[in-house]
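The block underneath contains the structure these notes are about, expressed in structure tokens.
Just so it is clear, none of the values below were taken in a lab; they were calculated from the coordinates. Only a predicted model underlies this, so the values are computations on that prediction, with no experimental measurement involved. Methodologically, a virtual Cβ is constructed for each residue, glycine included, from the backbone with ideal geometry; neighbour enumeration extends over all protein chains shown.
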Amino acid sequence: MSNYTPTREDAEKLFRKYNKSDSLYKHALAVEGVMRYMAKKNGEDEDKWGIIGFIHDLDYEMYPEQHCQKTEEILRENDWPEEYIRAVLSHGWQIVTDVKPESIMEKTLYAMDELTGLVTTTALVRPSKSVLDMKVKSVKKKWKDKRFAAGVDRSVIERGAELLDTDISDLIQDCINGMKEVADEIGLKGDVEE
């Protein structure tokens, strides 16, 4: 049983060892931002939630065919706590793993992972190219267009909202709020004056 608690620096080093892609790094930062925001909202551990959000796609660039399984292996080799590993595995539930999200942290990661992709893509087609002035209705409009951000699995987001017993609009608002806090780092500040 590991007594080790990974730091944000540990997560960054590990992530950069397995990922070179700027878009994956920005996705990691976006999910981290949303997880930190949601942890704060729920009175939970912001660092733990943030680190898990940041590291969740650790293996995606180098091992897309073994997504989640390879992350589990890497995190175990690095002595990461079981709770972190389980949370990462649960974000692939019914896609690449059978680990069902149980805790509020796991359910949040599961729901928000795909949603950050939709919010990012929606921001990029806006005149401002920003998440700072984004409204829920903009994302919901794009949600309906199945060709828009076709890679985003809307059914995963819907299942996540069900798991959290929350409305899609509220989930989208939370996602936007979390991403606003890291807008600069993820390239979605656009030309909006704060």
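With just the Cα atoms defining each centre, how far is the range 26-48 from the range 61-81? Give it in Å. If we compute the Cα centre of each part, the gap is 21 Å. Extension gain for ASP45-GLU82 works out to 11.7 nm (0.36 nm per residue, less the C-alpha to C-alpha distance). The equivalent ellipsoid of the range 46-128 has semi-axes of 23, 15, 13 Å, largest first, where each one is the square root of 5 times an eigenvalue of the Cα gyration tensor.
In summary, the convex hull built on the alpha carbon positions of the chain has an orientation-averaged projected area of 10.6 nm². Ellipticity at 222 nm from helices only: DSSP H runs of n ≥ 4 in the chain, each -39500 (n - 2.57), divided by the residue count, give -18500 deg cm²/dmol. Dipole size of the chain about its Cα centre, with +1 on Lys/Arg Cβ and -1 on Asp/Glu Cβ: approximately 940 debye, rounded to the nearest 20.
Close amide H pairs (under 5 Å, H built 1.01 Å from N) link TRP93 with no residue at least 5 positions away or on another chain. Neighbour counts of other Cβ atoms within 10 Å put ASP191, ASP153 in the fewest-to-most order ASP191, ASP153. Of TRP49, LEU29, ALA150, which is farthest on the positive side of the dipole of the chain, counting Cα position, with +1 on Lys and Arg Cβ, -1 on Asp and Glu Cβ, and the Cα centre as origin? Value: ALA150.
With respect to the chain, whose longest principal axis is taken over its alpha-carbon atoms, helix 46-55 is tilted by about 90°. When the chain is modelled as a GNM with alpha-carbon springs shorter than 10 Å, which of LYS48, LYS137, LYS180 fluctuates the most? Of LYS48, LYS137, LYS180, the Gaussian network model singles out LYS137 as fluctuating most. Charged side chains reduced to their Cβ positions (Lys and Arg at +1, Asp and Glu at -1) give the range 45-95 a dipole of some 140 debye around its Cα centre.
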